[in-house]
Amino acid sequence: MEPRAASLNAGLGRAGVPAKPPAVESLALSIIASHPLFADLAADEQRALVARGRLAAFDKDETVIAEGHANPRFYVAVTGQFSCRKASPHGLVFAFDQRRPGEFFGESALLHHRPSEIEVVAATASTAWMLAGRDLAALMDRHPWISRRLIDEITRRLDDLANLSFELATMKVDERLRRAIEKLARASHQLHDGGVIRPAPTHAELATMLGTTREVVSRALTALCREGLIETGRQQILIRSASSFHWQGD
């Protein structure tokens, strides 16, 4: 599905929701200007790069990159959150990573020149800045250090996937749930007593993150609540005992 897109000189919005193009455009420029891949570009080249791309709005659960399809675009999340996931032959969906504002995705298909092996969907109503793959390739030809930084980030992500594989192979669901809550709290700077993860994933979304069922997640969350470690509310998780979520490897 082609996302609703706009140049940086046009409005960007969703039906029923007032658009604020200058604010979104300014945020996109700020993110690109401070992004590790592009921070060392001259200011005029940063502005030209952002203008070369497009801003696109996505509804919650809208597919951005479809598994098995070629998508020669590079994305940087501007607002909201995107979920990277993969489906098993039996239909079990596993969400193995999230992309938040300032984080990029879509690089794998560009580098390998083949259909995407994962699916990326908007976890919330979100916007992203998109750049054609040929434009990114031309930029890396002019500035080889961008390629090196891209490889460094991909290497870090591979390390994260290796750790995730270890967790799946060696940890029970309740242990993986604690680890997932810790990661969510740490990412939002809420890993402290009284910290609040908001918005928190639904039980179904947590199930896809853990590779299990909604019912199993519900039971595990209830157990954590009974232990006094967390409280759950509408779209939020309150951390009652942060020390219980500090991973032994940290």
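Read the figures in this text as sums done on the coordinates, not as results from a lab. Just so you know, these numbers come straight off a predicted model, no measurement behind them. With ideal geometry, Cβ positions are generated from the backbone for all residues, glycine too; neighbour counts draw on all protein chains shown.
Along the Cα→Cβ direction, 7 angstrom out, place labels at ALA187 and GLU62. What is the inter-label distance in nm?
My value for the distance between the label points is 2.0 nm.
In a GNM of the chain with a 10 Å cut-off on Cα contacts, which of PRO201, PRO144, PRO89 has the highest mean-square fluctuation?
Largest GNM mean-square fluctuation: PRO89.
Distance between Cα centroids, the range 121-177 to the range 213-231: provide it in whole Å.
Centre-to-centre (Cα) distance: 30 Å.
Would you order HIS113, HIS246 from fewest to most other beta-carbon atoms within 10 Å of each residue's own beta-carbon?
Taking fewest neighbouring Cβ atoms as first place, the list is HIS113, HIS246.
Of the listed peptides 191-197, 114-120, what is their order by residue-averaged count of other C-beta atoms within 10 Å, with the highest listed first?
Descending packing order for the listed peptides: 114-120, 191-197.
May I have the count of lysine pairs in the chain with C-alpha atoms under 21 Å apart, counting pairs 8 or more residues apart or located on different chains?
The result is 5.
Which chymotrypsin sites (Phe, Trp or Tyr not before Pro) does the range 155-250 hold that lie in a coil by DSSP with at most 10 other beta carbons within 10 Å?
When the chymotrypsin sites (Phe, Trp or Tyr not before Pro) of the range 155-250 are filtered for loop state and at most 10 Cβ neighbours within 10 Å, nothing remains.
Between ARG73 and residues 5 or more places away or on another chain, which pairs have amide H atoms under 5 Å apart, with H built 1.01 Å from N, and which residues are they?
Hits under the 5 Å cutoff: GLY133.
Going by alpha carbons, how many degrees (0 to 90, nearest 10) lie between the helix axis of 21-34 and the longest principal axis of the chain?
80 degrees
Tell me, what HN-Hα J-couplings in whole Hz come from the Karplus equation 6.51 cos²θ - 1.76 cosθ + 1.60 at θ = phi - 60° for each residue of the range 126-143, using x for Gly and Pro?
Listing the rounded values in order: 9, 10, 9, 8, 10, 10, 4, x, 5, 6, 5, 4, 5, 5, 5, 5, 6, 10 Hz.
What number comes out for the charge environment of VAL121, summing +1 per Lys or Arg and -1 per Asp or Glu over other residues with Cβ under 11 Å away?
It works out to a net charge of -3.
Give me a comma-separated list of calculated 3J(HN,Hα) values for the range 155-165, in order, Karplus coefficients 6.51, -1.76, 1.60 applied at θ = phi - 60°, integers in Hz, x for any Gly or Pro.
Result, rounded to whole Hz: 4, 4, 5, 5, 4, 4, 5, 5, 5, 5, 4.
Cα gyration tensor of the chain, axes a ≥ b ≥ c as square roots of the eigenvalues: rounded (a/c below 1.5), prolate (a/b > b/c) or oblate?
prolate
What do you get for the angle between helix 43-52 and the principal long axis of the chain? Use alpha-carbon atoms, 0 to 90 degrees, nearest ten.
Between the helix axis and the principal axis of the chain, the angle is about 80 degrees.
Explain nothing, just compute: Karplus ³J(HN,Hα) = 6.51 cos²θ - 1.76 cosθ + 1.60, θ = phi - 60°, for every residue of the range 230-237 in order, whole Hz, x for Gly and Pro.
For the range 230-237, the Karplus curve yields 9, 10, 10, x, 5, 6, 8, 10 Hz.
Which residues among the range 149-164 fall inside the zone where the amide N is under 17 Å from a point 7 Å beyond the Cα of ARG52, along Cα→Cβ?
Of the residues in the range 149-164, 149-150 have backbone N under 17 Å from the label point off ARG52.
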